[in-house]
Each structure stands twice: as structure tokens, then as C-alpha cells.
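*Asks:* Encoded as C-alpha cells, here's the structure I'll be asking about.
Only the coordinates and a few stated rules stand behind these numbers; no lab work does. Treat the numbers as computed from the prediction; the structure is a model and nothing was measured. Virtual Cβ from ideal backbone geometry, glycine too; neighbours counted across all protein chains shown.
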Amino acid sequence: MTDILIIGAGTAGLSAAIYGIRSGLSVLVIEQMIYGGQIANTPDVENYPGIASISGFEFAQNIYNQAVALGAEVVYETPVQVELNGDIKRVITDQNTYEGRCVIIANGVERRKLGCEGEERLSGRGVSYCATCDGAFYKGKDVCIVGGGNTALEDALYLSNNCKKVHLIHRRDAFRASKIIVDSVLSRDNIEIHYDSVVDKIEGKDVVESVVLSNKKTGERTEIPCQGVFIAVGLVAKNHLFAGVVETDEGGYIKAGEDCHTNLPGVFAAGDTRTKSVRQLVTAAADGAVAAMEAANYVGEVPALH
Ligand SMILES: Cc1cc2nc3c(=O)[nH]c(=O)nc-3n(C[C@H](O)[C@H](O)[C@H](O)COP(=O)(O)OP(=O)(O)OC[C@H]3O[C@@H](n4cnc5c(N)ncnc54)[C@H](O)[C@@H]3O)c2cc1C
């Protein structure tokens, strides 16, 4: 039996593995795709403290190498069922059944996609799902942002500080964001709002060159030349595996506070998958550390803090 079973080999899961092993526990990481998580496909990371600039792939590779060098075992299998109520926790994959004394769920989220032509092909080539992460690359350029909630509007404000022009594209005739943010957006000279509009396609040979919109009321089509398209139409929690077992909120995120405890003893949630306000690498890594230390306490080991 393994001390800690970790589901997901992204930043949170691999950070948990590092802290778990350094606490003297055995660790098995179960990853359904490849290690690294969301960040692995991002060209540049420039906001992780202590690392001025690094590619997402190298960032992921570094955490993975560190965890494996310490002794973490990583298997690539798809969990199909979990049994998390008893003292012995089980994760049943398409190939094996793993038993552990506790479980850390670190399965992340997915960015909701628009599903339009060009989006996938130009992802990482001008199409981004994170203005905080990638906005700095568009200084002095024209960009589009798609969405109408708080995130999209905050992103529009953030981008308008550096970009020449920000086109905010929203499918309704009013925003679903707090008034103070809406007022700020409306007061910015370099933000142009396209209400009632949906993105038909994103165009560009190798990188984004323009976005084609259509107005839902008039049917009019408009092509906006731009270098970046930021999509902020929400995140999707992927917690079907835990439905009815671990408590989730209305958005599907696992209910867990800063201590990463879920409603079940010995089951912890770390990283983007849990209820939290900031979903970034630094908070995912922090959660991984906290969850592993809490897991160490749970299994009765003395955590190593150095
Ligand atoms: C395009 C993009 C750019 C970004 N840029 C930055 C940036 O510059 N700076 C920054 O701080 N943050 C950035 N972020 C956010 C950051 O990537 C996330 O906050 C961070 O990756 C969260 O880590 P995580 O470990 O919680 O989840 P993830 O990175 O999503 O990792 C979860 C892992 O679990 C696996 N998994 C999922 N379900 C299962 C399952 N059922 N069984 C087994 N494995 C499973 C996944 O395959 C994945 O490997 C960016 C995000 C995106 C999408």
C-alpha cells in the first residue's frame, strides 16, 4: 500500500509528490495523459517568483524531474472509479487497482473553448486563455478578448494598460460583471466593445492575424485585424469521477479551503480543481505543498520542513 495516491501530474500533483516524499512517505502519481498539466503547452511563463522567464514545457519538465529524482513513481493510466470513504482508499484505473492511506486530488481544470474555426490551430500562436499569463507579450498591439463576465472584463482592463487597442467581444447586450468593473471598462478610451457578437473564426497563417465576428441581431460580419485573442469564457472543472463521493460546489470544483481538506478524512484537493479565487502555478504549487503536509499529518508521520 502507498502512503499517498496523487491523481494528476500537473504543478499541484508534482509539488505534492515532492513534499510527500520529503516527509518520508511513499507516493504514487496517477496521470491520465502526460505529466505537466495545463502549463506544458504554454510558450512562456514570466510570473513564477524566482524564475524570470521559462517555457511552460521546461517548467513542467523541471518539477517532474525533481519529483522523480526524489523517488516519486508516476504511472500513466486512466482512473475509472474511486473508493475514498474507508481507511484504505482505492483508485481503480483502466489497468490496475491502487490502494493508499490517503489521496490528493490534483486533476486541474480545462479552459472552456469557443469551438470556432482557427481556435485550436492558433492556440499558443496568438490564441490564449490567460491574459495575466500572456498579456505582456502584446504590448503596443491590438488584441481581442472574448467573454462578458468579471474575468473577461478584468482581463480587458489589464490588457488595455499595455495594448494599443482592446476589442471586447460579448455575445449579449449587457455584461455579467460587477458594476465597478463595467464602469472602468466603459471609461477606457482604448477598449472598443462589440455587443451581441460571436466569433465565427480566428484567422492567420502561422499566428493570429484577425478575428471574424458576426452580430447576432443584425447578421453583419466584421473582420478585426489583431495579433492576440484572449478567450475568457470560463473554466471547466473535470470532477465527474468524484461525483457523489467528494463534495463539489455548483461549478463542479471540489470544496476545500486553504488547508486542502475535503469533506472526506484522508482526501485532499490541491490546485485548480478546488474552490479558490486565484488559479495560477504559484497557488497550485502552494496547494501541493499544503496538501502533502496535511496528508503527512493524517498518516501520522512527522513532516520534514527543510
Ligand atoms: C494557456 C495557459 C497559460 C497559462 N499560463 C500561466 C502562467 O504564465 N503563469 C501561471 O502562474 N499560470 C498560468 N496558467 C495557469 C496554470 O497553468 C494553472 O493554474 C496550473 O497548471 C494548475 O495546476 P494544477 O496542477 O492544479 O492543474 P493542471 O495543470 O491542470 O494539471 C492537472 C493534471 O491532472 C491530469 N488529470 C486530469 N484529470 C485526471 C484524472 N481523472 N486522472 C488522472 N489525471 C488527471 C491532467 O492530465 C493534468 O496533467 C496558464 C494556464 C493556461 C491554460
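*Asks:* Specify which residue in the list Ile180, Val282, Ala237 is farthest towards the positive end of the charge dipole of the chain, using unit charges on the beta carbon of Lys, Arg (+1) and Asp, Glu (-1), about the Cα centre.
*Replies:* Of the candidates, Ile180 comes out farthest on the positive side.
*Asks:* By how many nm would the segment from Asn65 to Val282 grow when fully extended, if each residue of separation counts as 0.36 nm and the alpha-carbon distance is taken off?
*Replies:* 76.3 nm
*Asks:* Calculate, for Arg188 and Glu117, the FRET efficiency according to 1/(1 + (r/R0)^6) with r their C-beta to C-beta distance and R0 25 Å; round to the nearest 0.05.
*Replies:* 0.25
*Asks:* Amide H neighbours of Thr93 under 5 Å, at least 5 residues apart or on other chains, H built in the peptide plane: list them.
*Replies:* HN-HN under 5 Å from Thr93: Val80, Tyr98.
*Asks:* At 0.36 nm per residue, and after removing the present C-alpha to C-alpha distance, how many nm does the segment from Arg90 to Thr78 gain when stretched out fully?
*Replies:* Full extension from Arg90 to Thr78 adds 3.0 nm.
*Asks:* Same structure, new question: If you take the Cα Rg of segment 127-231 and divide it by 2.2 N^0.38 Å, with N the number of residues, what do you get?
*Replies:* Scaled against compact globular proteins, the figure is 0.98.
*Asks:* Please work out the Cα center distance from segment 132-171 to segment 257-281, rounded to the nearest Å.
*Replies:* 29 Å
*Asks:* Same structure again: Residues with amide H under 5 Å of Glu192's amide H, sequence separation 5 or more or different chain, H placed in the peptide plane at 1.01 Å from N; which?
*Replies:* Under 5 Å from the amide H of Glu192 lie the amide H atoms of Val166, His167, Leu168, each far enough along the sequence or on another chain.
*Asks:* Here's another thing I want to ask about it. Looking at the chain, which longest stretch skips every one of the trypsin sites (Lys or Arg not before Pro) that is in a DSSP loop with at most 10 other Cβ atoms within 10 Å, leaving the sites themselves out?
*Replies:* The answer is 1-204.
*Asks:* Another one. Kirkwood hydrodynamic radius for the chain: how many Å is it when counted over pairs of different Cα atoms?
*Replies:* 20.5 Å
*Asks:* So what's the angle, to the nearest 10 degrees on a 0 to 90 scale, between helix 281-298 and the longest Cα principal axis of the chain?
*Replies:* Rounded to the nearest ten degrees, it is 20.
*Asks:* Apply the Karplus curve 6.51 cos²θ - 1.76 cosθ + 1.60, θ = phi - 60°, to the phi angles in segment 237-253 and return the couplings in whole Hz, x for Gly and Pro.
*Replies:* 6, 10, 10, 4, 4, 9, 4, x, 10, 10, 5, 10, 8, 5, x, x, 6
*Asks:* On to the next question. Could you tell me the calculated FRET efficiency between Thr218 and Ser53, based on Cβ-Cβ distance and R0 = 25 angstrom, to the nearest 0.05?
*Replies:* Rounded to the nearest 0.05, the efficiency is 0.05.
*Asks:* Using the beta-carbon distance between Ala174 and Glu209 and R0 = 25 Å, what value does 1/(1 + (r/R0)^6) give for FRET efficiency, to the nearest 0.05?
*Replies:* Working from the Cβ atoms, E equals 0.25.
*Asks:* While we're looking at this one, here's another question. Hey, can you grab everything whose amide H is under 5 Å from the amide H of Ser26? Only 5+ residues off in sequence or another chain; H modelled, so Pro and N-termini drop out.
*Replies:* Asp3, Ile4
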